[in-house]
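Remarks on the structure that follows.
Computed from the coordinates by the stated procedures, all read-outs in this text should not be read as laboratory data. Note that this is a predicted model, so its numbers are computed, not measured. Here the Cβ is made from the backbone with ideal geometry for all residues, glycine too, and neighbour counts use every protein chain on show.
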């Protein structure tokens, strides 16, 4: 049995890049939503959480329309880079970001909202700016949940299937991630390859989930 491990390495790369982008977006929007006086907070939360409830086919279709060669965004990307975005590994990164970012935002929001406000008030009384309070007080206090959420975002990015298949496709040695490779192996009737890939994915994700729980809840999780 010969198994192509390209999908594994691509999934690790896609997951790492997507997780980094999700952390950046999660810290920014999570901090915004944790603020008590955030204008349009409920509407923004609803928009952010849409990827959690919409079917992947619907999300993928939206992106196909928004990023196609006939769309303004698609033409802009092609003008700037000289190539299309759809059906590339970068499209797989975009799909993973859309899948993982809502989880990251919610985790950051909940972690920051659960902090004792007296710490921030004390720092503000000493003349600290909002960003300094966030970077030097709030973020260190919430580092466990935030780091745990980052690991979870990496796991979710690696495991995305539906949106990835629609906008990145199933191109061997180009855009075929691990989850898409499992689907491809099942479609070909290659049971041994499918089982091997499923086992690898399950072990990696289980390990990441364990690490995420350890970071979020410390020694309470064994």
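Stretching the chain fully between residue 203 and residue 28 yields a gain of 59.9 nm (0.36 nm per residue, less the alpha carbon separation).
Each listed q (0.16 Å⁻¹) maps to a log10 I(q)/I(0) for region 6-220 from the Debye sum over equal C-alpha point scatterers, namely -1.09.
Angle of helix 89-113 to the longest C-alpha principal axis of the chain, folded into 0 to 90 degrees and rounded to 10: 20°.
Using a Gaussian network model of the chain in which every pair of alpha carbons under 10 angstrom is joined by a spring, one finds that among 102, 56, 72 the greatest mean-square fluctuation is at 72. On the principal axes of its alpha carbon atoms, region 66-182 extends 55, 34, 19 Å, with the longest extent given first.
Taking 0.36 nm per residue of separation and subtracting the current Cα-Cα distance, fully stretching the chain between residue 20 and residue 161 would add 48.9 nm. Remark: spin-label model distance residue 69-residue 124 equals 5.3 nm, labels positioned 7 Å along the Cα→Cβ axis.
Could you tell me the distance between the Cα centroids of region 126-181 and region 1-70, to the nearest Å? Going from one Cα centre to the other spans 8 Å. Using the average count of surrounding beta-carbon atoms within 10 Å as a protection proxy, the listed peptides 112-121, 174-183 rank, highest first, as 174-183, 112-121. Helix 191-217 and the long axis of the chain differ in direction by around 0°, with both axes built from C-alpha atoms.
Contact order, relative form, for region 141-218: 50 percent (alpha carbon pairs under 8 Å, 6 or more residues apart, mean separation divided by residue count). Build a GNM of the chain with springs between Cα atoms under 10 Å apart, and of 69, 90, 187 the one that fluctuates most is 187. Pairs of Cα atoms nearer than 8 Å and 6+ residues apart set the relative contact order; for the chain it is 31 percent. Relative to the longest principal axis of the Cα atoms of the chain, the long axis of helix 178-188 lies at roughly 30 degrees. Of the two radii for region 1-95, the radius of gyration is 1.05 times the Kirkwood radius, both from the alpha carbons; that is the Rg over Rh value.
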